[in-house]
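Comments concern the structure below.
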Amino acid sequence: MPRSPQPPGQSGAPGWPRARLHVVTGKGGTGKTTVAGALALALAADGRRTLVVEVEGRQGLAQLFDTPPLPYQERRIAVAPGGGEVRALAVDVEEALLDYLDMFYRLGGAGRALQRLGAVDFATTIAPGLRDVLLTGKVKEAVTRTTRTGDRTRAYDAVVLDAPPTGRIARFLNVTAETAKLAKVGPIKTQSEGVSAILRSPMTAVHVVTLLEEMPVQETADAAAELAGLGLPVGAVIVNGTRPPLLSGRVTQAEIRRGLVAAGLPADRTTVAGLAAEAGAYRTRLALESRLRDELTGLGHLMLELPLLPDGIDLSGLYSLAASLTKQGVVAP
């Protein structure tokens, strides 16, 4: 499939970003969380360590990896091929705010008292942008965290963020820049500027998941343009649920009839006509998918494809998708 030229210093697939934070978005129903999980597994291959983070409170990762609901605590949820490790974190806004208050204001138990009084809910309600600042701030902390051994080794080789869908992704990622403009001084400004700098650096790549359907492809194009306009680095367009073509050309009714007879099946006129109509509809569908694939290629970003799993998504299927990403050159730096 067509791919972008390989930028200097990249590894893996031509155009695959040498990023440490991989933000995964996509229209609802495209398999965004599934792709985020598969990507975390692929990036953890060969002894690496990744963290996959969810911020929408749906516990989608727990369901995907068949684990109990995730707490506000990093937990190992899978072992990747080659002995790597995948950890997961479900970010809770209240807990993130308490972390923030303790980190910058040393409130400790006083922060818990504020939580009991409902002050946390009040703060995130009157300042909705604060919620996203806290969520992205926690992700930034994981990306930049180092081990305590003194060798300054990063705690994670890669962090994967299962982010909000394409309709909200630009606002979600840009809120830190907007907050930094509003907050003139203080910890909120410092944290907002730090998060904004990470999100706009080569350390980050925003991947957009789509299907070969008209609405998801249009949202993908819109999101890629909006992200680029805000200076947020677009990584790959990941086409999910692809299928190899079952027909290579037009099938005549005579060919259908011969095939039915050879298989010992009824070959009456109604059956043959019905199958011919289905074949025609299928060819129309293939033509549409080809056009949509061309539109995605025209966006100029690396394009990866994941196969449709006929039996649905389970752990085995998730590892299969991770293997597909690895074969296409997805690696951690």
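Six or more apart or on different chains, Cβ atoms under 6 Å: show the pairs whose first residue is in segment 85-98 and over 11 Å from L135 (Cα atoms) and whose second is modelled with pLDDT under 85 and of a type outside the set (A, V, I, L, M).
Cβ pairs passing all conditions: L98/G111.
Residue check, V208 against (1) out of contact with any strand residue (DSSP E or B) (no Cβ under 9 Å at 6 or more places or on another chain); (2) crowded, with 22+ Cβ neighbours inside 10 Å, all met but one. Which one?
Failing condition for V208: (1).
So which residues in segment 256-275 are outside any loop (DSSP other than H, G, I, E, B) and either over 30 Å from E214 (Cβ atoms) or open to solvent by 90 Å² or more (accessible area, probe 1.4 Å) (or both), if there are any at all?
Across segment 256-275, the qualifying residues are R257, R258, G259, L260, V261, A262, R269, T270, T271, V272.
May I ask you to list pairs of residues, at least six apart or on different chains, whose Cβ atoms are under 7 Å apart, with the first in segment 276-292 being within 16 Å of M215 (Cα to Cα) and assigned to a helix (DSSP H, G or I) and the second being open to solvent by less than 40 Å² (accessible area, probe 1.4 Å) and not charged (D, E, K, R)?
Close Cβ pairs (under 7 Å, with a partner that is open to solvent by less than 40 Å² (accessible area, probe 1.4 Å) and not charged (D, E, K, R)) amount to E289/L212; L292/L212; L292/V217.
Any residue that is farther than 30 Å from V175 by Cβ, out of contact with any strand residue (DSSP E or B) (no Cβ under 8 Å at 6 or more places or on another chain) and in a helix (DSSP H, G or I) - is there at least one of those in segment 235-253?
Within segment 235-253, one or more residues are farther than 30 Å from V175 by Cβ, out of contact with any strand residue (DSSP E or B) (no Cβ under 8 Å at 6 or more places or on another chain) and in a helix (DSSP H, G or I).
Looking only at segment 312-333, how many residues end up being more than 21 Å from E213 (Cα to Cα) and not in a helix (DSSP H, G or I)?
7
The values are calculated or read from the model by the stated rules, or taken from the named source; none is laboratory data. The shown structure was predicted, so the numbers you read here are calculated from the model rather than taken from an experiment. Glycine also receives a Cβ, built like all others from the backbone with ideal geometry; neighbour counts cover every protein chain displayed. Please note that ligands, DNA and RNA were not included when accessible areas were found on the heavy atoms of the full protein model with its side chains. Shrake-Rupley method; radii C 1.70, N 1.55, O 1.52, S 1.80 Å.
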